Amino acid sequence: MRVAVLGCSGGIGGASRTTALQVDDDVLIDCGTGVGDLALEQLTRIDHVFLTHGHLDHVALLPMLADAGVGRRSVPLTAYALPETIATLKDCLFNGRIWPDYTAQPSAAHPYLRLQPVMVGTPVVLGTRSFTPLPVRHAVPAVGYQLDSGAVSLVFSGDTTYSEGFWDAVNGIANLRHLIVETTFLNDNDAGCHVSGHTNARLLAQGLARLTRPVVLHITHMEPGREEETWSEVLAAAGGHRPLRLQRGQVIEF
């Protein structure tokens, strides 16, 4: 599997793009503003989108992605998400006011976009690859994902504060190699982490203390304008780990 980082920032501005990971040529994990940098021919090769949750920085380009396929696709684009996230998409995006309801156009039997519910712990298998939702804790219902090539796994936390369930799930993955974890806020913003369901370096350290497997650790979703301060706190909190800063344009193969 090949994961290309299209966006990994907690916001926009300059070269920053919000969360989107391209898996091989045909899959996205989240659909943030980084998707807009793909060429039209690349957009139309995307068949599957796995959403962590319904916040705008993670779903903003899904309506445009569906639109890019109109007249160019023979099968619907499929977006996989928790039932609660699907309800949010239907209510707030594909509602005929913000954007056309592509889940029912051109017809309910043959839509441009299909919304497929997922359950924590139940993998979605695409050929030799599997995508398994993992438990996390965010301000809205959310999941992380295990991406399993059949030989090696990569885990992406999506947006989460400290979650024992997430770290326990990570410890249960025998072929884990890469772990991408969000660290959004500075340590002086514990209140923001609690309210918004995000992580700071102090909470990251609690999770890493539970980790029983060696991993290549990647940090994502830092707050724009505070990246250097946040990174300094991450390095101080990492203990025996040597974290890497996820970068737009980076490619991870496994």
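The values are calculated or read from the model by the stated rules, or taken from the named source; none is laboratory data. Note that the structure is predicted; figures quoted are calculated from it, not measured. In this analysis, Cβ positions are derived from the backbone assuming ideal geometry, glycine residues included, and neighbour counts consider all displayed protein chains.
Residues in region 99-117: is at least one of a type outside the set (D, E, K, R), within 30 Å of G192 (Cα to Cα) and in contact with a Leu (Cβ under 8 Å, 6 or more places away or on another chain)? Steps first, answer last, please.
Our first condition is that a residue be of a type outside the set (D, E, K, R); within region 99-117, this holds for 99-100, 102-113, 115-117.
With the extra rule that they be within 30 Å of G192 (Cα to Cα), the set shrinks to 117.
If we keep only those that are in contact with a Leu (Cβ under 8 Å, 6 or more places away or on another chain) too, we end up with 117.
The answer is yes; a qualifying residue exists.
Which of (1) modelled with pLDDT under 95; (2) exposed (fewer than 15 other Cβ atoms within 10 Å of the Cβ) is the odd one out, the single condition R73 does not satisfy?
If we test R73 against (1) modelled with pLDDT under 95; (2) exposed (fewer than 15 other Cβ atoms within 10 Å of the Cβ), just (2) comes out false.
Does any residue of region 38-49 turn out to be surrounded by 16 or more Cβ atoms within 10 Å (Cβ to Cβ), at pLDDT 95 or above and within 20 Å of Q247 (Cα to Cα)?
Scanning region 38-49 turns up at least one residue that is surrounded by 16 or more Cβ atoms within 10 Å (Cβ to Cβ), at pLDDT 95 or above and within 20 Å of Q247 (Cα to Cα).
For every residue, the table says whether it meets (1) within 14 Å of C8 (Cα to Cα); (2) touching a helix residue (DSSP H, G or I) at 6+ places or on another chain (Cβ under 7 Å); (3) at pLDDT below 95.
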{"site": "F156", "(1), (2), (3)": "yes, no, no"}
{"site": "H178", "(1), (2), (3)": "no, no, no"}
{"site": "N189", "(1), (2), (3)": "no, no, no"}
{"site": "G197", "(1), (2), (3)": "no, no, no"}
{"site": "A201", "(1), (2), (3)": "no, yes, no"}
{"site": "L211", "(1), (2), (3)": "no, yes, no"}
{"site": "T220", "(1), (2), (3)": "yes, no, no"}
{"site": "E223", "(1), (2), (3)": "yes, yes, no"}
{"site": "E228", "(1), (2), (3)": "no, no, no"}
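Check region 83-91 and report whether any residue there is touching a His at 6+ places or on another chain (Cβ under 8 Å) and in contact (Cβ under 8 Å) with a residue 60 or more places away in the chain.
Just the residues of region 83-91 that are touching a His at 6+ places or on another chain (Cβ under 8 Å), to begin with: 85.
Then keep just the ones that are in contact (Cβ under 8 Å) with a residue 60 or more places away in the chain; that gives none.
No, region 83-91 has no match at all.
I'd like to verify a number: residues in region 76-114 that are in contact with a Ser or Thr (Cβ under 6 Å, 6 or more places away or on another chain) and either under 21 Å from R137 (Cα atoms) or buried (at least 18 other Cβ atoms within 10 Å of the Cβ) (or both), how many? Step through it out loud before you land on a result.
In the first step, residues of region 76-114 are kept if they are in contact with a Ser or Thr (Cβ under 6 Å, 6 or more places away or on another chain); the result is 94, 111, 113-114.
Then drop every residue that is not either under 21 Å from R137 (Cα atoms) or buried (at least 18 other Cβ atoms within 10 Å of the Cβ) (or both), which leaves 94, 111, 113.
Qualifying residue count, region 76-114: 3.
Could you list, in sequence order, all residues of region 134-149 that are within 18 Å of T220 (Cβ to Cβ), in a loop (DSSP other than H, G, I, E, B) and in contact with a strand residue (DSSP E or B) (Cβ under 7 Å, 6 or more places away or on another chain)? I'd like the intermediate steps shown before the answer.
The first filter runs over region 134-149 and keeps only residues within 18 Å of T220 (Cβ to Cβ), leaving 134, 136-139, 142-147.
Imposing the further condition that a residue be in a loop (DSSP other than H, G, I, E, B) reduces the set to 136-139, 142.
Matches in region 134-149: V136 only.
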